[in-house]
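Values in this text are rule-based calculations from the coordinates and carry no lab data. It should be emphasised that the depicted structure is a prediction, and the values quoted were computed from it without experimental measurement. All Cβ positions, glycine included, derive from the backbone under ideal geometry; neighbour counts span all protein chains shown.
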Amino acid sequence: MKTRDEIARALGEAGYIADGELAIAIALMQQLRRPLLLEGEAGVGKTEVAKALASVHATELIRLQCYEGLDQSAALYEWNYQRQLLSIQAHRGADADAVEDQIFSEKYLLERPLLAAIRRDTPPVLLIDEIDRADDEFEAFLLELLSDFQVSIPEFGTIKATAIPHVVLTSNGTRELSDALRRRCLYHYVDYPDVDREARIIMTRVDGVNASLALQIARMVEGIRKEELRKVPGVAETLDWAAALVGLEVKDLHGAPETVHETLMCLLKTQEDRLRVTREVSLRLLGKVA
Amino acid sequence: MSCCGASPDIEDVNEVSRLVTGKLAAFLRTLRDSGFAVGLSEGQDAAALMATGYAERPGLLRSALKHLLTARKSEWDRFDGIFDAFWLGKRVRSRSITTGAAKAANSPSLKSLPNQQAEARGEAEAMMDQVPSVDGAETERSGEGRMEGASRADNLAEVDFRKLADPEQIELAHEAAARLARAMRTRLTRRDLARRRGYRLDLRRTIHGNISHGGVPISLVKRQRKPKPLRLVVLLDASGSMSMYTGVFLRFIHGVLDEFREAEAFLFHTRLAHVSDAMKEKDAGRALDRLSIMAQGAGGGTRIGECLQTFNRWHAARVIHSRTCVMIVSDGYETGDAALLGREMAALGRRCRRIVWLNPMMGWRGYAPEARGIKAALPHVDLYAPAHTLASLTALEPYLARL
């Protein structure tokens with residue numbers, strides 16, 4: 001088990017600039033063995049947390065992307081039917097029991113993410129991404145798995161977890177999750193980073209950005225987020241924009257107001273927002289950036 | 001719960017831990033009172049945390065307990081205040097506790113009742129507005145069981161919303177509207193499930209199911225297309241002429257939005273506001289608080305045509321699909337261009353499956369749709385129905401179920 005300070009340091013080394021509370025959440029995950037539910041706007045870096053966590057624990061990241069209609073055969077396991085059939089044809093005339101034992105053996109089992117996660121020797125990080133997109137039934141099934149960490153396969157028997165994975169769930173809030181699932185998890189709300197943190201993120205992720213430019217970009221983005229927009233730019237958009245500015249060899253935002261306005265397309269992803277942030281608005285925002 | 005490195009007297013330690021546990025239990029009670037869903041196992045984990053060094057610094061304990069005991073954004077935001085008030089004796093910012101539906105309903109911008117209505121209080125219950133039958137809905141809504149939970153407000157079902165006077169009654173009506181919305185969703189879903197039928201062959205599952213026959217496909221597995229859930233898009237008129245009804249409808253929409261898998265809500269008066277996000281706040285009181293800010297500017301005229309134009313231009317492509325029902329709640333008093341309203345209604349009608357226009361005024365005795373706006377809009381409306389009582393809202397359900 002790692003202490004909070006170690007976790008905070010390891011997160012930093014993994015290139016994730018965390019807010020102070022995230023390290024506590026990760027320490028609690030270990031101590032209480034509860035999954036961590038991350039909520040927040042799209043683009044605030046929820047998925048990145050899981051990736052950073054995997055590198056903190058120096059372990060594998062297993063990802064399950066949820067979607068409407070996701071079922072057990074895509075999430076948990078499935079038999080390799082084609083192979084089973086070939087095997088039956090090949091052993092035609094052999095003892096039926098023997099054939100059956102063979103075709104329902106390990107070799108014919110296809111592992112899907114959830115099964116894979118509980119069968120590793122070292123506990124991996126299991127990222128269940130956008131759980132709100134999955135159906136209610138799948139959520140109930142997941143709840144059961146997350147409390148027992150065992151899977152029963154009728155033809156095969158019960159598989160118990162060899163190591164309890166570190167489970168991270170993310171949700172964009174397109175649907176209200178069940179209270180049972182929420183209670184089972186630790187909860188962390190991921191907010192847009194503040195100016196300082198965003199500037200540090202830009203500096204670690206984008207090459208060729210100096211401290212003052214990173215700070216200017218972060219301030220500008222903060223100003224844009226405060227405008228009434230349909231789609232508020234996330235951290236990924238900020239990084240795109242920073243990379244674009246570096247590519248256009250902008251060293252100081254005040255030196256190139258035209259370029260700033262023209263490259264805002266990296267941040268504003270709907271036509272409505274593009275029209276709202278006019279040249280005047282972008283100049284006004286730029287004026288506030290010290 | 002073993003405290004590591006406890007050198008002092010065991011008795012003392014026990015005494016301290018007993019006190020701490022008692023205080024923790026009181027804190028959990030406070031949280032439950034504030035609407036947090038804190039279970040037994042969370043309590044145990046919290047106690048375990050306090051025994052393992054998290055109690056050394058208040059900031060640390062606050063953050064740890066926050067992760068453990070909150071479950072959604074609204075709780076996440078309120079937790080620090082409650083924690084500080086309880087453990088550090090600081091005063092909670094009043095904003096975080098004085099939210100409640102009854103209060104929101106009485107807040108100035110969402111005022112659902114002007115004072116002159118108060119005198120009608122006495123005869124309100126006795127008087128019953130006519131409910132024009134809606135596609136035979138009148139017969140459908142017999143039997144109290146169908147109201148599912150609304151029985152507590154039985155006498156409210158037939159009372160015009162604008163005649164509800166005292167806050168308690170309003171609150172009851174709001175609750176009934178929320179429950180009604182929930183019940184409607186449950187039943188609509190049930191019908192959907194019963195209707196499922198497959199028509200395409202699922203090859204993979206067929207092979208799987210026929211392994212026992214050596215792979216000869218004897219029993220076929222069909223695949224059904226997952227029925228697209230009915231999507232509801234609500235456009236609520238929040239102008240001055242509607243102010244008596246806005247509160248109840250907001251609550252109804254909040255219930256519908258929470259329960260319908262796919263629903264979007266918009267408010268309009270002189271301009272259109274997309275309010276789905278605010279409505280998705282779990283706590284109805286807080287949702288209404290957020291909305292009352294958005295609804296500001298309400299009370300002036302209504303430019304339904306222009307608002308619909310904005311809707312068609314910017315939102316329709318995203319929120320409308322083939323199984324979408326657009327529900328417009330408005331009295332149809334258009335202060336803008338009636339011709340524009342007609343054009344936009346036609347454009348909207350081409351896009352969506354059904355347009356339902358709910359008009360609270362329609363329940364009034366002697367009301368005829370003579371306002372310019374409503375006249376221009378009516379040709380494009382599939383269902384024009386009253387919505388001034390809970391019963392008239394219930395009557396809508398069979399119609400929605402058929403979509």
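A few points about this structure:
- Estimated D of chain A in µm² per second, where Rh is the Kirkwood radius over Cα pairs and Stokes-Einstein applies at 25 °C, 0.890 mPa s: 113
- Dipole magnitude (debye, nearest 20) for chain A, charges at Cβ of Lys, Arg, Asp, Glu: 720
- In this structure the amide hydrogen of A:Ile128, modeled in the peptide plane, comes within under 5 Å of the amide hydrogens of A:Leu64, A:Val168, A:Leu169, A:Thr170, none closer than 5 places in sequence on its chain.
- Extension gain, B:Ala48 back to B:Phe86 (0.36 nm per residue minus Cα-Cα distance, nm): 11.7 nm
- Pairs beyond 28 Å (Cα-Cα), from A:Lys160/B:Lys66; A:Lys226/B:Lys73; B:Lys23/B:Lys280; A:Lys269/B:Lys375; A:Lys2/A:Lys226; A:Lys2/A:Lys51: A:Lys160/B:Lys66; B:Lys23/B:Lys280; A:Lys269/B:Lys375; A:Lys2/A:Lys226
- Whole-Å distance, taken between Cα centres, linking region A:134-180 and region A:229-290: 41
- Ascending count of other beta-carbon atoms within 10 Å, so fewest first, for B:Tyr367, B:Tyr333: B:Tyr367, B:Tyr333
- At R0 = 56 Å, FRET efficiency that the Cβ-Cβ distance of A:Arg119 and A:Gln271 yields, to 0.05: 0.70
- Region A:219-290: relative contact order as a whole-number percent, Cα under 8 Å and 6+ apart: 43
- Principal axes of region A:14-78: Cα extent on each, largest first, Å: 39, 27, 21
- In chain A, Cα pairs under 8 Å separated by at least six residues give a relative contact order of 21 percent.
- Distant-in-sequence amide H partners of A:Ile159 (H built 1.01 Å from N, under 5 Å): A:Val151, A:Ser152, A:Ile153
- Environment charge of B:Gly22, counting only residues whose C-beta is closer than 14 Å and scoring Lys/Arg +1, Asp/Glu -1: +2
- A Förster radius of 30 Å, combined with the Cβ-Cβ distance separating B:Ala37 from B:His321, puts the computed FRET efficiency at roughly 0.35.
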